[in-house]
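The values are calculated or read from the model by the stated rules, or taken from the named source; none is laboratory data. Everything numeric in this text was worked out from a predicted model, so none of it was measured. No Cβ is skipped: glycine too gets one built from the backbone with ideal geometry, and neighbour counts run over all protein chains shown. Ligands, DNA and RNA are excluded from the accessible area calculation, which covers all protein heavy atoms including side chains. Shrake-Rupley method; radii C 1.70, N 1.55, O 1.52, S 1.80 Å.
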Amino acid sequence: MKAAGYVGRFAPSPTGRLHMGSLVAAVASWCDARHAQGIWRLRMEDLDPPREVHGAAGDILRTLEGFGLHWDGPVLYQSSRDEAYSKALELLKGSGAAFGCACTRKTLQGHEVYPGNCRHGFQPGQSARSYRFAFDEEEGEWTDEVQGRRPWNSREMGDFVIKRADGFWAYQLAVVVDDLHQGITDVVRGADLIDSTPRQLALRRALDPDADDIRWAHLPLLVNEAGQKLSKQTLAAPIELEHAPELLMAALKVLGQVKSGDKEPRELVESRDTKGLLQWACQHWQLSQVPSGSVHWQG
Ligand SMILES: [Zn+2]
């Protein structure tokens with residue numbers, strides 16, 4: 001699909017409430033899209049029911065709205081996309097780009113990269129437990145808008161899972177199918193996902209060789225005092241709407257958008273004008289000012 005204009009997206013998983021790290025990603029992708037007068041889509045990545053928290057999806061939507069981060073069109077729920085993912089898997093199998101894998105965790109013990117056991121079929125009596133993408137030996141690179149030149153080599157990644165042995169769709173397949181479906185042109189997201197990008201580039205080409213390349217921007221990660229990424233696993237505090245102006249200001253500082261001489265954003269925080277501050281951020285947005293390294297965050 002050829003995309004016209006800018007289409008960005010924010011794609012949270014409903015595994016808990018939004019924390020500061022997810023707010024930074026939401027604000028950056030919203031500002032980048034709105035500054036370009038583009039479309040901003042919202043996708044709920046609810047593919048992993050065992051990890052999901054009841055009520056989290058609704059809470060995330062209410063929080064985004066509370067910050068004035070309004071999205072275009074309906075929310076796309078990945079849990080409703082089974083048919084599209086099945087079609088994509090069939091297409092990949094048909095072209096030889098995907099294969100069934102009979103390996104168990106035990107078979108693969110000690111291998112950091114999948115050794116290719118089932119690429120050419122498996123032993124009699126075995127059956128496919130998962131499906132993998134045949135990531136052919138390939139080198140490439142892309143230029144990330146924040147992180148710069150990013151070379152990659154498929155040998156370091158190996159054939160990766162696109163349908164899991166527990167029956168759930170793998171993140172990589174769902175993201176690529178949905179980015180194509182939603183006509184996404186620009187992805188602005190946390191650097192924790194940067195290692196997924198070559199896999200998604202290759203899958204995208206396999207699924208739609210005519211699709212335009214996505215423009216990628218991977219944001220700095222927020223880390224705690226111990227240097228750990230801010231996440232639900234490291235018990236990052238959820239963001240509270242009552243502190244919206246201060247939290248938005250903090251996110252804009254992390255993103256390098258507020259300079260020491262900028263009076264206007266400070267006045268907007270003082271008058272607790274979250275919407276005004278977001279408008280200011282959108283008008284003054286400069287992706288080139290976003291730092292590439294990790295940022296320490298307490299809270
Ligand atoms: Zn295998």
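Just a few scattered comments:
- Alpha carbon centroid spacing (whole Å) that separates the range 15-59 from the range 239-299: 18 Å
- Under 29 Å from the Cα of residue 229 - lysines, other chains or at least 8 residues apart: 163, 253, 259, 275
- Scanning residues 5 or more positions from residue 160 or on other chains, those with amide H under 5 Å from its amide H are 133, 135, with H placed 1.01 Å from N in the peptide plane.
- For the range 155-202, fraction of C-alpha pairs farther apart than 12 Å, in %: 68 percent
- Among 143, 104, 185: highest mean-square fluctuation, GNM of the chain, C-alpha pairs under 10 Å: 104
- For the chain, accessible area per residue (1.4 Å probe, heavy atoms of protein chains only), Å²: 49 Å²
- With the gyration tensor restricted to C-alpha atoms of the range 34-153, the semi-axes of the equivalent ellipsoid amount to 35, 22, 15 Å, longest first.
- Note on the chain: Cα-only Rg and Dmax are 20.3, 72 Å.
- Within the chain, longest stretch clear of exposed GluC sites (Glu not before Pro) (DSSP loop, no more than 10 other Cβ within 10 Å): 1-111
- Percent carbon-and-sulfur accessible area, the chain, ignoring ligands, DNA and RNA, probe 1.4 Å: 48 percent
- Ordering 89, 148, 209 by the projection of their Cα atoms onto the charge dipole of the range 7-296, which places +1 on the Cβ of Lys and Arg and -1 on the Cβ of Asp and Glu, puts 89 at the extreme positive end.
- The range 76-110-the range 189-226 distance, computed between alpha-carbon centres (Å): 19 Å
- Largest GNM mean-square fluctuation among 280, 216, 169, using the chain with Cα springs under 10 Å: 280.
- Most mobile listed residue (106, 275, 87) in the chain, GNM with C-alpha springs under 10 Å: 106
- Electrostatic dipole magnitude of the chain [Cβ: Lys, Arg +1; Asp, Glu -1; Cα centre; debye, to 20]: 460 debye
- Debye, to nearest 20: dipole size of the range 45-148, +1 on Lys, Arg Cβ, -1 on Asp, Glu Cβ: 800 debye
- The relative contact order of the range 7-296, computed from alpha carbon pairs under 8 Å that lie at least 6 residues apart in sequence, is 23 percent.
- Full extension of the segment from residue 165 to residue 240, taken as 0.36 nm per residue of separation minus the current Cα-Cα distance, would add 23.2 nm.
- In this rough spin-label picture, where each label sits 7 Å from Cα along the Cβ direction, the residue 90-residue 111 distance is 2.9 nm.
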